[in-house]
Amino acid sequence: MTPSMPNVSALRRMIQRFMPTTLDRYLINQVIPPFSIALAVVMTALLLERLLVLFNLLAAGNNNLGTFVELLTALLPHYLGLAIPAALCVSVFAVMRRMSQNEEIDAANSSGLSLLRITRPYIHLGIGLGILSFLLYGFIQPHARYDFRAAFYIASHTGWSPRLQPQMFARPSSDLTLVAENVTQSGSELTNVFIHDTSDHQERNITARKGHIRIAPDGSAVQLDLEDGIIVSDSKDKPPSLTMFEHSTRYLTHAAHRSPFRQRGEDERELTSPELIRNLIRQDRSISQPHMWSELHFRLARSLTIPFIPLLATALAMSRKRQRNNAGLPIAFILMVSFDHILQFGHSMVATKKMSVLIIWAPALVFIILCVALLLYRSGTLTLWRARRTQASLPRSA
């Protein structure tokens with residue numbers, strides 16, 4: 001046997017040890033449906049409030065459906081980062097609770113598998129979701145947050161709303177006045193239209209028998225289609241002119257009149273994790289150093305604690321025999337919500353009060369220790385370890 005053969009055998013045994021077994025594949029297949037359902041439910045619940053705001057914006061500003069879809073898409077990464085931990089906890093709790101009630105856990109323990117070994121595929125799932133959340137918090141969310149703010153700014157500054165009331169003057173801009181004798185179709189269909197336009201250093205008086213006002217297809221302007229009208233133009237250096245038309249289209253509000261949105265990076269939450277590190281190394285003063293430092297540690301702490309959520313859910317899902325009611329899920333939610341609020345409080349304290357980042361990492365460390373301790377206690381490992389210590393401390397008989 002060559003010297004390299006033991007190394008190859010050890011590597012093979014290590015690979016086989018981490019290869020998923022039949023039990024692992026069974027547990028993963030069991031958790032995927034409840035995880036998908038829980039993720040969809042939590043995302044819907046979190047988006048409901050924002051959906052109402054977006055619907056009001058869509059109705060008030062007469063924006064098209066594409067603007068609404070763009071805003072909603074930009075919101076998804078933010079709420080996905082909140083929904084993943086909750087969905088992971090609910091799905092693992094549901095599966096382990098059902099297995100405990102059906103005595104599948106007892107059967108696995110009788111075959112020599114500990115509760116910690118049963119939870120191993122969910123720990124691996126938590127590690128994968130933790131890596132996904134790290135990429136989400138550090139790379140995707142900063143761009144999505146900026147995209148949402150830019151889209152919301154554009155939707156809020158689309159200009160004058162294309163709705164008129166009969167026999168009332170409207171001024172879409174300082175050099176344009178518009179009035180119609182009759183208005184139908186919620187303010188979009190006009191009859192006997194009069195327009196006074198003083199733009200381009202000219203004075204134009206326009207009359208038309210009919211008019212239709214709407215948002216232009218590209219969403220950049222308010223489009224006014226006129227039929228059977230007359231244009232009287234008067235400039236200082238030319239004599240007045242009269243033009244008759246059967247159909248004419250005018251644009252009342254142009255995108256060029258709207259100031260562009262700012263560049264990304266004005267807020268530390270819009271910077272990716274590498275950009276935060278780069279600005280901290282360069283000591284960039286455009287954003288407060290404590291704010292960037294706090295944001296970076298906050299993202300890392302949230303990502304690091306996700307792999308330990310399956311331990312918490314498994315420990316709280318275990319119940320005593322013939323005990324039908326279990327308060328484990330409410331307790332898990334209280335712990336996770338409390339931890340998230342404490343973490344956000346530490347984040348704000350580090351950013352505004354310039355405190356140590358230990359106020360962020362201390363709750364994260366306590367949460368991790370609590371999850372591990374609860375699972376060890378439920379699996380009986382702590383009791384066995386205490387019994388062994390007690391037995392070792394007893395004096396041996398002669």
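Of the residues 113, 132, which is part of a loop (DSSP other than H, G, I, E, B) and touching a residue at least 24 places away in the same chain (Cβ under 8 Å)?
Going through 113, 132 in turn, the sole match is 113.
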- Evaluate segment 310-331: report whether one residue or more is touching a helix residue (DSSP H, G or I) at 6+ places or on another chain (Cβ under 7 Å), closer than 30 Å to residue 150 by Cβ and assigned to a loop (DSSP other than H, G, I, E, B). no
- Task: Would you mind finding the one in 87, 108 that is of a type outside the set (D, E, K, R), crowded, with 16+ Cβ neighbours inside 10 Å and either in contact with a Phe, Trp or Tyr (Cβ under 7 Å, 6 or more places away or on another chain) or on the phi > 0 side of the Ramachandran plot (or both)?
- Result: 87
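Report yes if residue 281 is of a type in the set (Val, Ile, Thr), part of a helix (DSSP H, G or I), within 20 Å of residue 356 (Cα to Cα) and open to solvent by 10 Å² or more (accessible area, probe 1.4 Å), otherwise no.
Details: of a type in the set (Val, Ile, Thr): yes; part of a helix (DSSP H, G or I): yes; within 20 Å of residue 356 (Cα to Cα): yes; open to solvent by 10 Å² or more (accessible area, probe 1.4 Å): yes.
Yes.
Does residue 97 qualify as being part of a helix (DSSP H, G or I), at pLDDT below 95, of a type in the set (Lys, Arg) and in contact with a Gly (Cβ under 9 Å, 6 or more places away or on another chain)? Walk me through it before giving the result.
Working: part of a helix (DSSP H, G or I): yes; at pLDDT below 95: yes; of a type in the set (Lys, Arg): yes; in contact with a Gly (Cβ under 9 Å, 6 or more places away or on another chain): yes.
So residue 97 passes the test.
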- Please enumerate the residues belonging to segment 291-316 that are of a type outside the set (Val, Ile, Thr) and over 20 Å from residue 141 (Cβ atoms). 308, 310, 311, 312, 313, 315, 316
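The values are calculated or read from the model by the stated rules, or taken from the named source; none is laboratory data. Since the model is a prediction, treat every value here as computed from it, not as a measurement. Because the Cβ atoms are built from the backbone with ideal geometry, glycine has one as well, and the counts that use them run over all protein chains shown. Side chains are part of the model used for accessible areas, which takes the heavy atoms of the whole protein and leaves out ligands, DNA and RNA. Shrake-Rupley method; radii C 1.70, N 1.55, O 1.52, S 1.80 Å.
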